[in-house]
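What follows is one structure encoded as structure tokens, with my remarks underneath.
Each value in this text was obtained by applying a stated rule to the coordinates, not by laboratory testing. All values reported here derive from a predicted model rather than from experimental measurement. Here the Cβ positions follow ideal geometry from the backbone for every residue, glycine too, while neighbour counts run over all protein chains shown.
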Amino acid sequence: MKILSYLSGLVLVTFAVTASAHAHLEKSSPAVGSIVPTSPAQVILDFSEAVRLTALSITKGDEPKQNLKRLPTTVAQQITVALPPLTPGTYALNWRVLSDDGHVMSGTLHFTLIPERAPAPPVEPPAQH
């Protein structure tokens, strides 16, 4: 019974080490869950290791998915891709990458574009006669 417990523990540790070895998104700009005041010109994805971006699309609400073009073809830890002009709303940016070890990872980051309102002009007090 002790051997079975030992082997089970060894398998779990091996699985945990292997699972954590895959690339993952560490940070992004726009940040996950952020509210941005202006349409971002680009998205920056920072991964835990060098990857090759194989797909990137953006969706606003229930609108159709828009595949982003001109993806970088190089392997890098930080990937930058130009975004089209965006209108106010909530967006989902779907990415898929291939790591050096051949594993495919994908994910979605959400952000919301809410433009800042210009301050209202000051109200003039009524003229006194």
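Close amide H pairs (under 5 Å, H built 1.01 Å from N) link Glu49 with His24, residues at least 5 positions away or on another chain.
Computed from label points 7 Å out along Cα-Cβ, the spacing between Ser29 and Ser106 is 2.8 nm.
Summarising the label geometry, the points placed 7 Å from Cα in the beta-carbon direction at Gln42 and Asn67 lie 2.3 nm from one another. The shape of region 55-123 can be summarised by an equivalent ellipsoid whose semi-axes, obtained from the alpha carbon gyration tensor, come to 32, 14, 11 Å from longest to shortest. Let me check I've understood the local charge: for Ile35, count other residues with C-beta under 14 angstrom from its C-beta, Lys and Arg +1, Asp and Glu -1. What total comes out? My count for the surroundings of Ile35 gives 0. Considering only the other residues whose Cβ falls under 14 Å of the Cβ of Met105, what net charge follows from Lys and Arg at +1 and Asp and Glu at -1? Net of charged neighbours comes to -3.
If R0 is taken as 30 Å, the Cβ-Cβ distance between Arg117 and Glu49 corresponds to a FRET efficiency of 0.10. Ordered by the number of other Cβ atoms lying within 10 Å of each residue's own Cβ, fewest first, Val43, Val81, Val51, Val104 fall into the sequence Val104, Val81, Val43, Val51.
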